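Trainee: Here you go, one structure.
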Amino acid sequence: MNNNYLLLTPGPLTTSRRVKEAMLKDSCTWDDDYNLGVIQVIRRQLVELAGGEQGYTAVLMQGSGTFAVESVLQTVIGLQHKLLIINNGAYGARIVEMAKRLGLSYHEIDCGEVSQPDLLVMEQILQQQSDITHIAMVHCETTTGILNPLTEVAELSQRYHKSLIIDAMSSFGGIPINVTNLGIDFLISSANKCIQGVPGFGFVIAREDKLAECANRCRSLSLDLYDQWLCMEQGQGKWRFTSPTHAVLAFAQALKELEEEGGISDRNQRYCQNQRKLVSGMRKLGFDTLLDDSLQSPIITAFYSPKHQDYKFKHFYTLLKDQGFVIYPGKVSQSDCFRIGNIGEVYSRDIEALLSAVTSSCYWQIKQPTY
Ligand SMILES: *Cc1c(COP(=O)(O)O)cnc(C)c1O
C-alpha cells in the first residue's frame with residue numbers, strides 16, 4: 001500500500017517537505033515572534049503578491065476558503081446593497097446560496113457550467129438594475145477548470161462604479177492578478193491552493209477604504225472581517241480567536257518557496273506546462289476534455305469519462321491510487337467527468353509518470369481476444 005500519494009486535486013494539494021516540516025514547532029499567539037515576525041510579514045507579502053501597492057490590506061480568517069467568502073459577503077454587503085452574482089459552477093452557486101441564506105438582495109446570472117459570462121448580457125443588467133452595488137465572480141471555477149474573463153468583468157465593474165468581489169481561491173498565486181489595475185475591492189483565497197500551504201485559513205486582500213465602511217455590518221461574530229482586520233491592525237498581527245498556528249507557519253514557508261520559484265509568473269508557467277502536457281498526453285490516450293482549450297485554466301482539467309460500459313470511476317481511481325496518484329471525481333451536473341489538478345508540488349516528471357500510470361490503468365480498453 002502506498003500512503004504517500006501525489007494529490008492531483010485542487011486543494012488540499014501536495015505540499016513540499018519543507019512546508020510540512022515548518023509545522024514541527026509550536027507558536028505562542030501573544031508573542032512578537034509569531035505576530036510581528038510571521039503574521040504581519042505574511043499580510044504584507046500577500047498585498048505585494050496581489051499588486052496592492054497603495055491602500056490595500058490583507059486579513060486572514062480561520063476556516064476553509066468558504067468561510068472567508070462568507071465573511072466577505074456578511075461583512076461587506078449590507079441590506080441597503082444589491083449583489084450581482086456570476087454563476088458558472090459549484091462555487092458560483094455557493095455564493096448564490098450564501099446570498100440566499102443571508103437574505104441579501106441579489107441578481108444571479110446563470111451561465112450554465114461550460115460557458116463564460118456574456119459581457120453584453122452583463123452590461124444590460126447593470127444598465128437595467130442601477131440598484132446593483134456589488135459584483136461577485138469566481139475567477140477560476142474549479143468545478144470545470146473554466147477561467148472567467150476577469151479583465152473584461154473588472155473593466156465593466158469599474159465603468160459602472162461597482163464594488164468588485166473576486167473568489168480567486170483556486171487561482172491566486174498560480175495566475176497573475178493585479179488588484180490595483182483591475183480595481184478589485186475584495187479578493188479572496190485560501191492557504192491550501194496555489195500558494196501551496198496546508199488547510200486552516202483563508203485570506204482576503206481588501207481595499208482599506210472599502211473595508212473601513214463595514215463596521216457593525218456583519219451579523220456573525222466569528223466571520224466579521226472588519227473586526228478581524230481591526231484586531232490584526234491594532235494588535236499587530238493578533239487574531240481575535242485561536243489562530244491556526246501550524247498552518248500559518250507552513251504558509252510562511254510556502255510563501256518563501258513561491259519566491260524561490262521566481263514568483264507567481266514562474267509558478268504560472270509551471271502550471272501551464274503541467275496542464276498542456278497532461279492534456280496532450282490524455283488526448284493521445286483517447287480522453288476528451290470537457291472544455292475547449294480557449295476556456296481552460298492551468299489549474300485543473302475536467303475529462304469526459306470513457307463511454308465504455310466497463311468503465312467505473314472508482315476502479316480507475318483505485319488503479320491510479322495504487323500507483324501513487326490521486327485524481328478527483330467530477331463535479332459537473334450535466335456531464336459525466338473526472339478531474340485532474342496540476343497545482344501544488346507537481347512537476348513535469350510527475351505528469352509524465354501519471355500518464356504512464358493512466359496508460360496501464362485503462363482496463364476497459366484491454367480487449368478480449370477474438371477468435
Ligand atoms: C476551493 C475553493 C473554494 C473554497 O472551498 P473550501 O472547501 O471551503 O476550501 C471556493 N471557491 C473556489 C473557486 C475554490 O476552488
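The values are calculated or read from the model by the stated rules, or taken from the named source; none is laboratory data. Everything quoted here is computed from the prediction, not taken from an experiment. With ideal geometry, Cβ positions are generated from the backbone for all residues, glycine too; neighbour counts draw on all protein chains shown. Protein only, heavy atoms only, side chains kept; ligands, DNA and RNA dropped before computing areas. Shrake-Rupley method; radii C 1.70, N 1.55, O 1.52, S 1.80 Å.
Trainee: Averaging the inverse of every distinct alpha carbon separation and then flipping it gives the Kirkwood radius. What is it for the chain, in angstrom units? Each step should come with its number before you reach the end.
Mentor: Values: mean 1/r = 0.0467 Å⁻¹.
So the Kirkwood estimate lands at 21.4 Å.
Trainee: If I take R0 = 22 Å and measure r between the Cβ atoms of L79 and E152 in this structure, what FRET efficiency does the formula 1/(1 + (r/R0)^6) give, to the nearest 0.05? All intermediate terms of the calculation are to be shown ahead of the outcome.
Mentor: Values: r = 30 Å, r/R0 = 1.36.
Here the calculated transfer efficiency is 0.15.
Trainee: With each pseudo-label sitting 7 Å past Cα toward Cβ, what's the D322-Q124 distance in nm, one decimal?
Mentor: 5.4 nm
Trainee: Using only Cα atoms, tell me the angle between helix 40-49 and the longest principal axis of the chain; keep it within 0 to 90° and round to the nearest 10.
Mentor: 70 degrees
Trainee: Can you give me the relative contact order of the chain as a percent, contacts being Cα pairs under 8 Å and 6 or more apart?
Mentor: Computed value for the chain: 25 percent relative contact order.
Trainee: Could you sort the peptides 137-146, 87-96, 65-74 by per-residue average Cβ neighbour count (10 Å cutoff), highest mean leading?
Mentor: Working: 137-146: 27.8, 87-96: 21.3, 65-74: 24.1.
Per-residue mean Cβ counts within 10 Å order the peptides as 137-146, 65-74, 87-96.
Trainee: A further question follows. In Å and from the alpha-carbon atoms only, list the Rg and Dmax of region 190-262.
Mentor: Both quantities, over Cα of region 190-262: 13.9, 41 Å.
Trainee: In degrees from 0 to 90, rounded to the nearest 10, what is the angle of the helix 150-159 Cα long axis to the longest principal axis of the chain?
Mentor: 30 degrees
Trainee: Any idea what angle helix 348-361 forms with the longest principal axis of the chain, computed on alpha-carbon atoms, 0 to 90 degrees, nearest 10?
Mentor: The angle comes out at about 50 degrees.
Trainee: I want to verify a result. In a Gaussian network model of the chain, Cα cutoff 10 Å, which of these has the top mean-square fluctuation: E260, E108, E233?
Mentor: For the chain, modelled as a Gaussian network with Cα springs under 10 Å, the answer is E260.
Trainee: While we're looking at this one, here's another question. Using θ = phi - 60° and the Karplus curve 6.51 cos²θ - 1.76 cosθ + 1.60, what whole-Hz ³J(HN,Hα) does each residue of region 229-243 get, with Gly and Pro shown as x?
Mentor: 4, 4, 5, 5, 6, 6, x, 6, x, 7, 8, 5, 10, 2, 8
Trainee: GNM on the chain, C-alpha springs below 10 Å: top fluctuator among Q309, Q323, Q124?
Mentor: Q309
Trainee: How large a share of the accessible area of region 291-371, in percent, is made up of carbon and sulfur atoms when the probe is 1.4 Å and the other protein chains stay in place?
Mentor: Values: 2220 of 4320 Å².
Ligands and nucleic acids excluded, carbon and sulfur give 51 percent.
Trainee: To two decimal places, what compactness ratio does region 1-127 give when its Cα radius of gyration is scaled by 2.2 N^0.38 Å? Write out the running numbers ahead of the final one.
Mentor: On the way: Rg = 19.6 Å, N = 127, 2.2 N^0.38 = 13.9 Å.
Relative to the rule-of-thumb radius for its length, region 1-127 sits at 1.41.
Trainee: Pick from S348, S222, S130 the residue whose mean-square fluctuation is largest in a GNM of the chain, springs joining Cα atoms under 10 Å.
Mentor: Highest fluctuation among the options: S130.
Trainee: Normalise the Debye intensity by I(0) for region 237-280, one equal point scatterer per Cα, no solvent, then take log10 at q = 0.14, 0.16, 0.20, 0.29 Å⁻¹ and round to two decimals.
Mentor: -0.52, -0.61, -0.73, -0.94
Trainee: Give me the percent relative contact order of region 129-181, please, defined on Cα pairs under 8 angstrom at least 6 residues apart. List each step's numbers first, then the result.
Mentor: Working: 48 pairs, mean separation 23.4, N = 53.
Over region 129-181, the number comes to 44 percent.
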